[in-house]
Amino acid sequence: MVNSRTYLLGTFAALAAFSVVSKSAPPPQSAPAEVLAAAPQGTHLLAFNTSGNQLDADAAAVFETPSDKDGVSHRSLVIFGKKAGKFVPEVTSDKIIACSKCSQFHDDPFMTEGLDVKHGHVNIDQEDGGEKPTTTIIDLTRQSGEWRVTTASRRVVRLGRYEERTVAIPLPTSGLAKDLDAKWIIPVYLNSLIVNEKTGKAWLLGGDESQEAVWKHLEDSCGKDECKILVQQQDGCISLVRDESSRPFGGASPDSKDKKQAVAQAMSACSAAGGKACKEIDTQCRRGI
């Protein structure tokens, strides 16, 4: 368990460096007209792959919605089989491919090259950022004319570098690909500025999944009886300011690119409390973990 504020702040900053994954997606492989015509309403083609030129070839396409007000795009997977020289949709699902922020770092876990199609087989491989990426692998196969789920699992690496575990994604009772729910959600991680009211010591913590996790993070340092949360939010910036008496004050900005707003808010809180010689001590900006 961490006891050093310096270490916590260093960890907080270091993890940010691993949260950005460069995935400049190549343009999707050209798709025939019948594939483009199968796009769910309001989507455009993100990725397309085929098993080859067989008369009974298979293909898979991923279609994407425009970004919503929160910058999130949602995806649908369509699996095709070729009949009489044309690709015909056989399975459509909006629960198999991750949305654009459905990773622990709020980056995009979908990679075009992670959509692999062979005759009678579709493999989906998605990973997020970190030194050791969390990876979701889903295998679908055609069996007796139906697309079924062979395996579905998620190898989770907390914070991209810590403990690892493999989690089985529940298979649908039917066993059919169209009924699989990969349980993609946009995760919530709390970023907190916490102060020990007796000693004045402060911690900037990131990556906690709940209030309980925040206090668990601090169990060897202080408890609820002596510490309080000055600022807590999800994405954004948090700033710690102290006055000449070393009293702590906090400020925040929901925009992870707006460090100045968080500092200004903390400085205003200091001044409003009659603080003298208010000074920024530290400011951290987080997106995702």
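The values are calculated or read from the model by the stated rules, or taken from the named source; none is laboratory data. These figures come from a predicted structure and were not determined experimentally. Heads up, the Cβs are rebuilt from the backbone with ideal geometry, glycines too, and the neighbour counts pull from every protein chain shown. All accessible areas refer to the heavy atoms of the entire protein, side chains included, with ligands and DNA or RNA removed. Shrake-Rupley method; radii C 1.70, N 1.55, O 1.52, S 1.80 Å.
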Using the alpha-carbon centroid of each, what span in Å lies between region 47-88 and region 149-187? 21
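How much accessible area per residue does the chain have, in Å², with a 1.4 Å probe?
Averaged over the residues of the chain, the accessible area is 49 Å².
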So which residue, out of 275, 71, 114, gets the largest mean-square fluctuation from a GNM of the chain using Cα contacts under 10 Å as springs? 71
For the chain, the accessible surface attributable to carbon and sulfur atoms (probe 1.4 angstrom, ligands and nucleic acids excluded) amounts in percent to 52
Most mobile of 196, 53, 123 in a GNM of the chain (Cα contacts under 10 Å): 53
Name the residue, out of 176, 159, 240, whose mean-square fluctuation peaks in a Gaussian network model built on the chain with Cα pairs under 10 Å. 176
How large is ³J(HN,Hα), in whole Hz, for each residue of region 129-135 in order, when computed from phi with the Karplus curve 6.51 cos²θ - 1.76 cosθ + 1.60 and θ = phi - 60°, using x for Gly and Pro? x, x, 4, 10, x, 6, 10
Only Lys, Arg, Asp and Glu count, each charged at its Cβ (+1, +1, -1, -1), so figure out the dipole size of region 33-179 about its Cα centre, rounded to 20 debye. 260
Could you derive backbone 3J(HN,Hα) for region 253-267 from the dihedral phi with the Karplus parameters 6.51, -1.76 and 1.60 (θ = phi - 60°), listing whole Hz in sequence and x where the residue is Gly or Pro? 9, x, 8, 5, 9, 10, 5, 4, 5, 5, 5, 4, 5, 5, 5
May I ask you to list the GluC sites (Glu not before Pro) in region 119-191 that are in a DSSP loop and have at most 16 other Cβ atoms within 10 Å of their Cβ? 131, 163
Given the options 112, 42, 169, identify the residue whose Cα lies farthest towards the positive end of the charge dipole of region 33-179 (+1 on Cβ of Lys, Arg; -1 on Cβ of Asp, Glu). 169
Quick one: net charge of residue 96's neighbours, Cβ under 15 Å, K/R +1, D/E -1? -2
Please name whichever of 61, 87, 262 sits farthest to the positive end of the charge dipole of the chain, dipole taken about the Cα centre and charges placed at Cβ: Lys and Arg +1, Asp and Glu -1. 262
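Only helical DSSP H runs with n ≥ 4 go in: add -39500 (n - 2.57) per run for the chain, normalise by residue count and round the 222 nm mean residue ellipticity to 500 deg cm²/dmol.
Here the helix-only value at 222 nm equals -4000 deg cm²/dmol.
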The ³J(HN,Hα) series, computed from each phi in region 45-62 with the Karplus coefficients 6.51, -1.76 and 1.60 at θ = phi - 60°, rounded to the nearest Hz and given as x for glycine or proline, is 6, 9, 8, 8, 8, 10, 7, x, 9, 4, 4, 10, 4, 10, 8, 9, 10, 10
Work out the length of the dipole vector of the chain about its Cα centre, built from +1 on the beta-carbon of each Lys and Arg and -1 on the beta-carbon of each Asp and Glu, and round it to the nearest 20 debye. 380
Is the shape of region 190-286 rounded, prolate or oblate, going by the alpha carbon gyration tensor and its root eigenvalues a ≥ b ≥ c, with a/c under 1.5 for rounded and a/b larger than b/c for prolate? oblate
